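Taking it in order: structure first as C-alpha cells, then the write-up.
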C-alpha cells in the first residue's frame, strides 16, 4: 500500500475535526452506515463518493461477518449478500485505499472482533492506517477486554469507538470514557439494529448523564429512519447514525444505488446541518 491518498488529517484527528467543523457551523454530524460489498465493492465505492459529495460528515463501512449478533434482519441480509461477493477485510482496505485518492471524509470500519483478531491486531492497525481508515467500531468487544487492540490502534493514531447502551452501568461508562477515542456511539435502544418509529423516552436524560463522564462527541444510532427523528435526536446529540434505513434502500434498489442513497439522505443532511447547537 502507498500513502498517495489526499489528506492532512487521518485517524482520531480527522474524526475530531469533522465533529468540530460541524459544530462550528451550527449543525450536527450525519453518519450513514453501509454494508461493504452490498451489492458489490465497486458499488459501495460509488455510494461512498456520492454520500461524501452531498456533505455527510463520517461514513461507517460494515464488514460482513458470519455471526452478526448485534445486527437486525436488514443488515444481516446485507452481510449475507456481501459474503457471497467474497468480501474480506483485506479487500475492504483495498477499497478504502482507492477511495483515498480523491476522498477525505472520515471512514470507520464496523465489524466483529474475531475478524480483527484473525487478521492480526497490530497488522490490521498498520494496514488500516496505510489504507486511510480513521477508526473502528467493534460491537462485541467489551472495554474490559480491549487493551491489546486499543494499544495497537493508539500506536497508529486510529480511533477505537465504543458503544454505550441504555443499560450500561456507571462503572462501565466511566471505563469507556477513559479509553474512548474519536467519539462515543450511544445505542438508543437495547437489542439489534433496525428501524424504529419512536425515540426512546429516556434518551435526553441518558445523554446528559453520559456527558458527565466525557468531553467527546456523542453520536446516536440504532433505529433512526426519518429526518424528523434525526432532528429530535440532534437536539441532544452531536451526531446521528443512519444504518438500517440506508441498507434497506440499497436492498430494494436494482440500479443507480449511489444516486438513490444520496437522494434519500439529502433531507437528513439539510436537517442536521441546519440544526442549532443544543446549548450544552
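The values are calculated or read from the model by the stated rules, or taken from the named source; none is laboratory data. Everything numeric in this text was worked out from a predicted model, so none of it was measured. Positions of Cβ are generated from backbone atoms using ideal geometry, with glycine treated the same way; all protein chains shown enter the neighbour counts.
Within the bounds of the stretch 184-198, is there any residue that is outside any loop (DSSP other than H, G, I, E, B), buried (at least 16 other Cβ atoms within 10 Å of the Cβ), touching a helix residue (DSSP H, G or I) at 6+ places or on another chain (Cβ under 8 Å) and modelled with pLDDT under 95? First the steps, then the outcome.
In the first step, residues of the stretch 184-198 are kept if they are outside any loop (DSSP other than H, G, I, E, B); the result is 184-187.
Next cut, buried (at least 16 other Cβ atoms within 10 Å of the Cβ) only: 184-187.
Add one more test, that the residue is touching a helix residue (DSSP H, G or I) at 6+ places or on another chain (Cβ under 8 Å), and what stays is 184, 186.
When the remaining residues are screened for being modelled with pLDDT under 95, the result is none.
For the stretch 184-198, residues outside any loop (DSSP other than H, G, I, E, B), buried (at least 16 other Cβ atoms within 10 Å of the Cβ), touching a helix residue (DSSP H, G or I) at 6+ places or on another chain (Cβ under 8 Å) and modelled with pLDDT under 95: absent.
Every residue in the stretch 219-252 that is touching a helix residue (DSSP H, G or I) at 6+ places or on another chain (Cβ under 6 Å) and over 20 Å from residue 51 (Cβ atoms), please.
Passing the criteria: only 236.
For residues that are surrounded by fewer than 22 Cβ atoms within 10 Å (Cβ to Cβ), in a helix (DSSP H, G or I) and touching a strand residue (DSSP E or B) at 6+ places or on another chain (Cβ under 6 Å), tally how many sit in the stretch 133-168.
1
Filter the stretch 57-70 down to the residues that are at pLDDT below 95 and out of contact with any helix residue (DSSP H, G or I) (no Cβ under 9 Å at 6 or more places or on another chain), then identify the one that is surrounded by the fewest Cβ atoms within 10 Å (Cβ to Cβ).
69
Given the options 9, 3, name the one that is touching a helix residue (DSSP H, G or I) at 6+ places or on another chain (Cβ under 9 Å), within 21 Å of residue 238 (Cβ to Cβ), at pLDDT below 95 and surrounded by fewer than 17 Cβ atoms within 10 Å (Cβ to Cβ).
Being touching a helix residue (DSSP H, G or I) at 6+ places or on another chain (Cβ under 9 Å), within 21 Å of residue 238 (Cβ to Cβ), at pLDDT below 95 and surrounded by fewer than 17 Cβ atoms within 10 Å (Cβ to Cβ) holds for just one of 9, 3, which is 9.
Just one of (1) assigned to a strand (DSSP E or B); (2) more than 15 Å from residue 136 (Cβ to Cβ) trips up residue 45, so point out which.
For residue 45, the failing item is (1).
Does the stretch 71-101 hold any residues that are out of contact with any helix residue (DSSP H, G or I) (no Cβ under 8 Å at 6 or more places or on another chain), touching a residue at least 60 places away in the same chain (Cβ under 8 Å) and not in a helix (DSSP H, G or I), and which are they?
Result: 101, single match.
For the stretch 16-42, what are the residues that are part of a strand (DSSP E or B) and farther than 10 Å from residue 239 by Cα?
Filtering the stretch 16-42 for residues part of a strand (DSSP E or B) gives 29-35.
Listed by number, the residues that qualify are 32, 33, 34, 35.
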